[in-house]
Amino acid sequence: MNSTENPWQTHSSTVAYENKWLTIRHEEVTTPANTPGIYGVVSFKNKAVGVVPIDADGNTYLVGQYRYPLNEYSWEIPEGGSPLGTDPLDSAKRELKEETGLEARRWTQIARIHTSNSATDEEGFIYIAEDLVQGDHEPEETEDLQVRKVPLTEAVRMVMNSEITDSISMAALLMVGRLYTV
């Protein structure tokens, strides 16, 4: 068998839970070892978008908020959801404005990622936002945010010290840190 072909067989798929953000499916499968098995798949109703804003002095902006599933506070890049069927860049621009008040005149997509491909089909897009203009932020009703301006090198240090643990933020900051220091 070609190693890029799907070795899994799906026999049934049942929605176990659904809300306006995600669907959880229970699937009966045959595994690559040709044994019966089950799989749980989380499908999000949005694509993930993350933005690393970089100002003229090499600073970036982090967003802090309490994350309910983790039961802890989290520092992250500005990020959020892009409804399926919409342009992720438009959503990234909206999230940056909502969470930080920043708008950017220059945007670069640097990555397409899968956030946790053993349990979810979520796809994410990471952007660099440059040539920034400060305005008022407009957080969503579920967000109680702090915005922190830090040198990009400090944000990368926070990733390396596990002070930033969000996977999209980690990937984005390490990639941007590499792009700006090589």
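The values are calculated or read from the model by the stated rules, or taken from the named source; none is laboratory data. All values derive from a computational prediction rather than experimental measurement. Because the Cβ atoms are built from the backbone with ideal geometry, glycine has one as well, and the counts that use them run over all protein chains shown.
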Within the stretch 114-166, considering residues that are modelled with pLDDT of 95 or more and of a type in the set (Ser, Thr, Tyr), the one surrounded by the fewest Cβ atoms within 10 Å (Cβ to Cβ): Ser162
Top-ranked residue of the stretch 99-112 - restricted to ones that are among the charged types (D, E, K, R) and surrounded by fewer than 18 Cβ atoms within 10 Å (Cβ to Cβ), ranked as nearest to the chain's Cα centre (by Cα): Arg112
Residue within the stretch 148-155 that is closer than 30 Å to Ile24 by Cα, in contact (Cβ under 8 Å) with a residue 40 or more places away in the chain and hydrophobic (A, V, I, L, M, F, W, C) present: no
In the stretch 23-47, the residues that are of a type outside the set (A, V, I, L, M), in contact (Cβ under 8 Å) with a residue 60 or more places away in the chain and surrounded by 14 or more Cβ atoms within 10 Å (Cβ to Cβ): Ser43, Phe44, Lys47
Test for Glu76: is it surrounded by 10 or more Cβ atoms within 10 Å (Cβ to Cβ), charged (D, E, K, R) and assigned by TED's automatic domain parsing to the domain that holds Arg94: yes
Residues being part of a loop (DSSP other than H, G, I, E, B) and out of contact with any Pro (no Cβ under 7 Å at 6 or more places or on another chain) - total across the stretch 46-60: 4
